[in-house]
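Undergrad: The following block contains the structure, expressed as structure tokens.
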Amino acid sequence: MLQLPCTDGLPHHSISASSDFIALPQIADSTVQMGQKFLLLLLGLWVLSCSLLVHAASSDGLLRIGLKKKGLDLESLSALKLAQKEYHRRKKCSTHSNLRNSDADIVPLKNYLDAQYYGEIGVGSPPQKFKVIFDTGSSNLWIPSSKCYFSLPCYFHAKYKSAKSSTYTANGKSCKITYGSGSISGYFSQDNVLVGDLVVKDQVFIEATREAALSFLLAKFDGILGLGFQEISVGDIPPLWSNMADQNIIDKKVFSFWLNRNATDESGGELVFGGVDPKHYKGDHTYVSVSRKGYWQFDMGDISIGSYSTGYCAEGCAAIVDSGTSLLAGPTTIVAQVNHAIGAEGVISEECKVVVKEYGDLILELLIAETQPQKICSQIGLCIFDGSQYVGTGIDTVVGEAKKDSVNSDVFCTACEMAVVWMQNQLRMNETKEMILNYANQLCEKLPSPMGESTVDCGKLAEMPDISFTIKDKTFTLTPEQYVLKVEQLGVTQCLSGFMAFDVPAPRGPLWILGDVFMGVYHTVFDFDDNKIGFAKAA
């Protein structure tokens, strides 16, 4: 889940939302805007949840929170499809109640239901128990309020009663989050928060007084506990881990996730505050610096399919590690190549096929002539931006009339840009012209569907290639058994690709979201003292 900040007068993108996230702010003169809590994908499957078996801090000084996983059935998968992308919807949000301006990324993400890693915390004195998602993609804590009278979801979840807490401090500033599938609104309050046997004093959080979304009714969690940076915190509220450090209740300014991907185990893993557990990983961690605070964002290198490069991120891509996202999300250009390599079913893009048919020869000629790849689509008249400036097309293109009737006027430009990357990779492999054009045409038939799902043959995992990510010159590999997810219903198993298409334009993109599929294979350390992220093979 990614939470995005509201900044005065700045446009915001939205995407559908659900229990996991994606929020978009709306104008409300008397309402504190809540930024955007973007939840990204889950599609698929192995949505692990975490019912928190909260353990006391052990003799080694670590606070362990046990996680349990919940299987995903086909009914849940159907629910996921209710969440739709809503790209390029722009809203403005007010800065009422002292919301601060921030230069944090505005990143639109796709939202799905049921991406639920949740655990138990206590709020107040004596502590009132709540199940919350531990989400590295957002930074605020919110829970249902006892004053939530008119929303059905509140009647099925624990509610905070301030009158029963001796440590409650009123705040009262109002707030609202609008999701693609509903909304949540309420106000800020302050109280002690119990995590394991550690008490974080005077934590500011949100009491939700209205939950207008089906997703909240079906959710296994009561609220969300954000583990991102303060830069994207609504109201500029310090996140819980920051207060843990300031109050000296943890030895090290670190927390770490170990996700158990063994489907037969009841335990889903552990979230550890104050350090790392050596039993959770093998070898040493590879650390990479946080490139931009807000999300846990870093610079990632190339992505390979088997032994060859996909090309698109060879010069670098931004990446975000997000415990609130179940799958791996990346640029459509790469996901289409992955789909083709693993035999995943997608949708046929007629616009893409038109570009390959009508412009394939010209694209190849320009690539062979060593024309800068980012300028090719503008030179042939399909894009108005060449990577550095806007240009006039000056060409009466073959697809001109089709473009006039297109719902998305950028679709041909996008198809062209993808075709350039695909053909460039094939040229590097010294393929023939016929093979290159045929390959590009095949990829036009493997583009992810608008709902994001891509099915694969469960019986062909042994034939599928490994997919590798380059992080700080080190290769992190996922095998087919690790990136293909299985859903079972009435004894029937369906396999889905763990990759989801997600496009963010430059300069913020290209962007990858490394969710649970990746974090389950690689133990992840979040070091907020040195602002770095560490990855090691999970034990």
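Undergrad: For the stretch 315-336, list residues with backbone N below 20 Å from a point placed 7 Å from the Cα of K474 toward its Cβ?
TA: Once the point is set 7 Å along Cα→Cβ of K474, 316-323 turn out to lie under 20 Å by backbone N, inside the stretch 315-336.
Undergrad: Further question: For the stretch 501-512, just list the computed ³J(HN,Hα) in residue order, Karplus coefficients 6.51, -1.76 and 1.60, θ = phi - 60°, integers in Hz, with x standing in for Gly and Pro.
TA: 6, 7, 10, 10, x, 4, x, 6, x, x, 10, 10
Undergrad: Also, quick follow-up: Would you work out the charge dipole size for the stretch 214-315 about its Cα centre, treating the Cβ of every Lys and Arg as +1 and the Cβ of every Asp and Glu as -1, and quote it to the nearest 20 debye?
TA: Values: 8 positive and 13 negative charges, 13 e Å.
Charge dipole, the stretch 214-315, about its Cα centre: 60 debye, nearest 20.
Undergrad: Short version: ³J(HN,Hα) in whole Hz for each residue of the stretch 197-214, in order, from phi by Karplus 6.51 cos²θ - 1.76 cosθ + 1.60 (θ = phi - 60°), x for Gly and Pro, what are they?
TA: Each residue of the stretch 197-214 in turn: 10, 9, 10, 8, 7, 6, 7, 7, 9, 10, 8, 7, 9, 8, 10, 9, 7, 4 Hz.
Undergrad: In addition: Can you order the peptides 369-382, 159-172, 135-148 by their average number of other Cβ atoms within 10 Å per residue, highest first?
TA: Working: 369-382: 18.2, 159-172: 14.6, 135-148: 25.8.
Ranking, from highest mean packing down: 135-148, 369-382, 159-172.
Undergrad: How much area per residue is accessible in the stretch 277-329 when the probe is 1.4 Å and only protein heavy atoms are counted (Å²)?
TA: 37
Undergrad: Report R210's accessible area, 1.4 Å probe, all protein chains in place, as a number in Å² to the nearest 10.
TA: 110
Undergrad: Output the pairs from K129/K201; K173/K253; K173/K293 with a Cα-Cα distance over 18 Å in this structure; if there are none, say none.
TA: Details: K129/K201 16 Å; K173/K253 30 Å; K173/K293 26 Å.
Over 18 Å apart, Cα to Cα: K173/K253; K173/K293.
Undergrad: Now, a different point. Could you tell me the accessible area of T209 in Å² (1.4 Å probe, neighbours in place), rounded to the nearest ten?
TA: Here the accessible area works out near 40 Å².
Undergrad: Rounded to the nearest 10 Å², what accessible area does L362 have for a 1.4 Å probe in the complete protein model?
TA: Ignoring ligands and nucleic acids, L362 comes out at about 70 Å².
Undergrad: What FRET efficiency comes out for the pair Y155/Q442, r = Cβ-Cβ distance, R0 = 45 Å, nearest 0.05?
TA: Using R0 = 45 Å, I get an efficiency of 0.30.
Undergrad: Same structure again: Roughly how many whole Å is it from the C-alpha centroid of the stretch 178-248 to that of the stretch 324-359?
TA: The distance from the Cα centre of the stretch 178-248 to that of the stretch 324-359 comes to 36 Å.
Undergrad: Write down the percent of antiparallel bridges among all DSSP beta bridges whose residues are both part of the stretch 124-253, to the nearest 5.
TA: Working: 23 of 31 bridges.
If we restrict to bridges inside the stretch 124-253, about 75 percent are antiparallel.
Undergrad: Take the Cβ-Cβ distance between D457 and K147 as r, set R0 to 41 Å, and report the resulting FRET efficiency rounded to the nearest 0.05. The partial results should precede the final answer.
TA: On the way: r = 52 Å, r/R0 = 1.26.
Once the sixth-power term is evaluated, E becomes 0.20.
Undergrad: Sorted by accessible area with a 1.4 angstrom probe, largest first, how do E365, E463 fall? Write down the numbers at each step before the final one.
TA: Working: E365 115, E463 140 Å².
These residues rank, largest area first, as E463, E365.
Undergrad: Right, here's the next one. Once the Cα gyration tensor of the stretch 146-228 is found, what semi-axes does its equivalent ellipsoid get, as square roots of 5 times the eigenvalues, in whole Å, sorted largest first? All intermediate terms of the calculation are to be shown ahead of the outcome.
TA: Numbers: eigenvalues 98, 41, 33 Å².
They are 22, 14, 13 Å, listed largest first.
The values are calculated or read from the model by the stated rules, or taken from the named source; none is laboratory data. Since the model is a prediction, treat every value here as computed from it, not as a measurement. As a convention, Cβ positions derive from the backbone with ideal geometry for all residues, glycine included, and neighbour counts pool all protein chains shown. Only protein heavy atoms, including side chains, enter the accessible area calculation; ligands, DNA and RNA are left aside. Shrake-Rupley method; radii C 1.70, N 1.55, O 1.52, S 1.80 Å.
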